[in-house]
Amino acid sequence: MLSPAVAPAQDHPYRVVFDLTSRDTLEQRAVLRWIKEVTTASNTAQVEVVMYAKGFDLVMPERSAYIAEVKEALKNPNVAFRVCAIALRNNGVDKSQLLAGVQTVPDGIYEIVSKQQDNWGYIKVMH
């Protein structure tokens, strides 16, 4: 008799930080798809998207092609979108131009490094 395959229980928390630096809509769509896939696979998964350089267009209502999807993702308390304050300043953007619920961090790279030191998985968003 064959026994059914059983997936092993996860021993570690499922925590992922996504690094988004581009305004490329393919990359924006990809990160939104990955958020949905991760949070569907585990309802306790924690996901953070850190945006710097030009990546923050995703969370600007006037610029984003995916603002409805971002709003939907933000309904999950385990999902966070964080924008680098340095990148905002370098691009002449005020944080008031970001979608409500999106947070800023002083330094996006430091945010990512800190997450990695806390054993978060790291994914660079690219296509």
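The values are calculated or read from the model by the stated rules, or taken from the named source; none is laboratory data. Worth saying up front: this structure is predicted, and the values here are computed from it rather than measured. Counting neighbours? That spans all protein chains shown, and the Cβs are built from the backbone with ideal geometry, glycine included. With ligands, DNA and RNA removed, areas are computed over all heavy atoms of the protein, side chains included. Shrake-Rupley method; radii C 1.70, N 1.55, O 1.52, S 1.80 Å.
Per the 1.4 Å probe, what fraction of the accessible area of the range 21-115, in percent, lies on carbon and sulfur atoms? If you can, show how the numbers build up before the last one.
Values: 2490 of 4940 Å².
Using a 1.4 Å probe with all protein chains present, the range 21-115 comes out at 50 percent carbon and sulfur.
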Taking 110, 14 and ranking on accessible area (1.4 Å, protein atoms only), highest first, one gets 110, 14
Compute a Gaussian network model of the chain, connecting alpha carbons closer than 10 Å, and tell me which residue from 107, 19, 57 fluctuates the most.
107
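Helix-only estimate, please: 222 nm mean residue ellipticity of the chain, summing -39500 (n - 2.57) across DSSP H runs of length 4 or more and dividing by its residues, to the nearest 500. Kindly include the intermediate steps, with their values, before the conclusion.
Values: 4 runs with 41 residues, N = 127.
Rounded to the nearest 500, the figure is -9500 deg cm²/dmol.
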Connecting every pair of Cα atoms under 10 Å apart in the chain and solving the GNM, the largest mean-square fluctuation among 83, 102, 113 falls on 113
Taking the Cα atoms only, what angle lies between the long axis of helix 108-117 and the longest principal axis of the chain, rounded to 10 degrees?
20
Find out how many positive minus negative residues lie around residue 78, taking Lys and Arg as positive, Asp and Glu as negative, among other residues whose Cβ is under 11 Å from that of residue 78.
+1
Diffusion coefficient, µm² s⁻¹, Stokes-Einstein with Kirkwood Rh over alpha-carbon pairs of the chain at 37 °C and 0.692 mPa s:
216
In whole Å, how far is the Cα centre of the range 72-127 from that of the range 18-61?
9
Solvent-accessible area per residue, Å², over the chain with all protein chains present [probe radius 1.4 Å]:
60
Give the residue from 45, 66, 28 lying farthest towards the positive end of the charge dipole for the chain; charges sit on Cβ (+1 for Lys and Arg, -1 for Asp and Glu) and the dipole is referred to the Cα centre.
66
